[in-house]
Amino acid sequence: MISEQLETIKEQLLAEINGAERVNQIGQIRAKAFGKSGSISALSKGMRDLSPEERPKFGAMINELKKVIEESLSLKEGELEEIELKNKLESEQVDITEPSNIREIGALHPIADVIDRLTDICVDMGFSVVEGPEIESDYYNFEAMNIPKNHPSRDMQDTFFITDEILLRSHTSAVQAREMETRKPPFKIICPGKTYRNDSDATHSPIFHQIEGLVIDENISMADLKSMLTILMRRLYGNDTKIRFRPSFFPFTEPSIEVDVSCPSCHGKGCKICKGSGMLELLGAGIVNPKVLEMSGIDSKKYRGFAFGFGLDRTAMILNSINNIRNFYRNDIRFLEQMK
Ligand code: FA5
């Protein structure tokens, strides 16, 4: 009786194992055979009803059955695992000949790039970075810079006035007085930002960018200013660029200088861009006028200072050999793409 039962269970289990199509079915068949209420476990329990003489014989038959079923399960499991792996590899295959999605790489706008470069060089030299308002009062833009109302030097900068007292700042020098009023010397600051003037040609734009530098300390001299500017220009343009210091005039510095560098378009030979001179004016600078120090509450007997104002658009033109300043403001993607 038990032997018939055993044979039936064996056939059923083997048929199920043969018919299995997925690895997880093998687990289910294993539980069905060897689990607590599994068919082979039930046979083992049935041994209790046999006589002591019959038990060893059927015990050996059950062990043989267990062995056969376990071997078939393992064999089938191996086969199914192999098939599943093969199917998975085939379905997940990557076609390396497919064209890839090329991601566009952006680039900084040349002026933003110049601001970053100059700021990094100045920060290396110990300057702190400050900001000031673009909509400025007449006082900070002109009066505190020793340019009183109706003074002819106001004509040097064709300014956009909003009211009699409020204007779009025409230079970042407006930040000087704001900082001198609040800081205690010695200090070194730079202020990069937008500036506005009623100007427009190949090297002048109504909106442009400057970076203002101001150093206030004891015993400051023209030699400090010239050596600092030389180091700065060399780090920015490399050692080959020609640099020219010229005497100049600004009401807020005395003495004053202007600094020119060789023209990017003709490399010093003279062309339309540089109006035949071979050089482009890049910045104004000088020793801070003692009157400006006093107006901002700094003791001009104890402290001196130097200041400089770089034109950043011109700097970007020279670095990228661009011959028309308007290109920076046209937002032409083809122009910007060349900057990568
Ligand atoms: C000034 O603006 C002074 N505040 C600079 C200064 C600062 C002098 C501190 C002394 C001490 P200037 O007007 O020369 O100076 O302008 C400085 C630079 O700004 C110029 O050399 C030029 O590179 C740039 N610049 C002036 N106007 C324009 C414009 N319309 N478009 C583009 N760049 C300009």
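Mind checking which residues of the range 265-289 are more than 38 Å from the chain's Cα centre (by Cα) and in contact (Cβ under 8 Å) with a residue 12 or more places away in the chain?
Ser277, Asn289
Which residues, taken from the range 172-228, are part of a helix (DSSP H, G or I), among the basic types (Lys, Arg) and within 30 Å of Ile162 (Cβ to Cβ)? It would help to see each step written out before you state the result.
Applying the first criterion (part of a helix (DSSP H, G or I)) to the range 172-228 yields 174-182, 222-228.
If we keep only those that are among the basic types (Lys, Arg) too, we end up with 178, 226.
Of everything in the range 172-228, just one residue is part of a helix (DSSP H, G or I), among the basic types (Lys, Arg) and within 30 Å of Ile162 (Cβ to Cβ), namely Arg178.
Counting just the residues of the range 137-156 that are exposed (fewer than 13 other Cβ atoms within 10 Å of the Cβ) and more than 17 Å from Ser256 (Cβ to Cβ), which one comes out nearest to the ligand (Cβ to nearest atom)?
Out of the qualifying residues, it is Pro148.
Return the residues of the range 39-79 that are surrounded by 15 or more Cβ atoms within 10 Å (Cβ to Cβ) and more than 16 Å from Ala15 (Cβ to Cβ); say none if nothing qualifies. Walk me through it before giving the result.
Narrowing the range 39-79 to residues surrounded by 15 or more Cβ atoms within 10 Å (Cβ to Cβ): 39-41, 43-44, 46, 50, 58, 61-62, 65-66, 69, 72-73, 76-77.
If the condition is that a residue be surrounded by 15 or more Cβ atoms within 10 Å (Cβ to Cβ) and more than 16 Å from Ala15 (Cβ to Cβ), then Ser41, Leu43, Ser44, Gly46, Leu50, Phe58, Met61, Ile62, Lys66, Glu77 are the ones that fit.
Give the range 278-321 a look and list any residue that's in a strand (DSSP E or B), near the ligand (Cβ under 8 Å from one of its atoms) and of a type outside the set (A, V, I, L, M, F, W, C), or say none.
Answer for the range 278-321, where residues must be in a strand (DSSP E or B), near the ligand (Cβ under 8 Å from one of its atoms) and of a type outside the set (A, V, I, L, M, F, W, C): Glu281, Gly284, Gly286, Gly309, Gly311.
Between Thr195, Thr172, Thr182, Thr159, which is more than 16 Å from the ligand (Cβ to nearest atom) and either within 18 Å of Ser296 (Cβ to Cβ) or among the hydroxyl-bearing types (Ser, Thr, Tyr) (or both)?
After applying the criteria, what remains is Thr182.
Is there a residue being at pLDDT 85 or above, in a loop (DSSP other than H, G, I, E, B), in contact with a Phe, Trp or Tyr (Cβ under 9 Å, 6 or more places away or on another chain) and of a type in the set (D, E, K, R) anywhere in the range 110-133?
Scanning the range 110-133 turns up no residue that is at pLDDT 85 or above, in a loop (DSSP other than H, G, I, E, B), in contact with a Phe, Trp or Tyr (Cβ under 9 Å, 6 or more places away or on another chain) and of a type in the set (D, E, K, R).
From the list Ala33, Ala20, pick out the single residue that is small (Gly, Ala, Ser), in contact with a Ser or Thr (Cβ under 8 Å, 6 or more places away or on another chain) and within 30 Å of Leu85 (Cα to Cα). Walk me through how you get there before you give the answer.
Details: Ala20 fails: in contact with a Ser or Thr (Cβ under 8 Å, 6 or more places away or on another chain).
Checking each option against the conditions leaves just Ala33.
When the range 322-335 is examined, which residues are found to be in a helix (DSSP H, G or I) and away from the ligand (no atom under 15 Å from the Cβ)?
Ile333, Arg334, Phe335
Look at the range 242-268 and say how many of its residues are within 15 Å of the ligand (Cβ to nearest atom) and in a loop (DSSP other than H, G, I, E, B). Even if it seems obvious, please write down each step before you answer.
Quick first cut of the range 242-268, residues within 15 Å of the ligand (Cβ to nearest atom) only: 243-264.
So of that shortlist, the ones also in a loop (DSSP other than H, G, I, E, B) come out as 251-252, 263-264.
Matching residues across the range 242-268 total 4.
Looking at (1) among the hydrophobic types (A, V, I, L, M, F, W, C); (2) over 21 Å from His109 (Cβ atoms); (3) within 15 Å of the ligand (Cβ to nearest atom); (4) at pLDDT below 95, which is the only condition Cys271 fails?
Result: Cys271 passes all but (3).
The values are calculated or read from the model by the stated rules, or taken from the named source; none is laboratory data. Quantities reported herein were computed from a predicted structural model and do not represent experimental measurements. Positions of Cβ are backbone-derived with ideal geometry, glycine not excepted, and every protein chain shown enters the neighbour counts.
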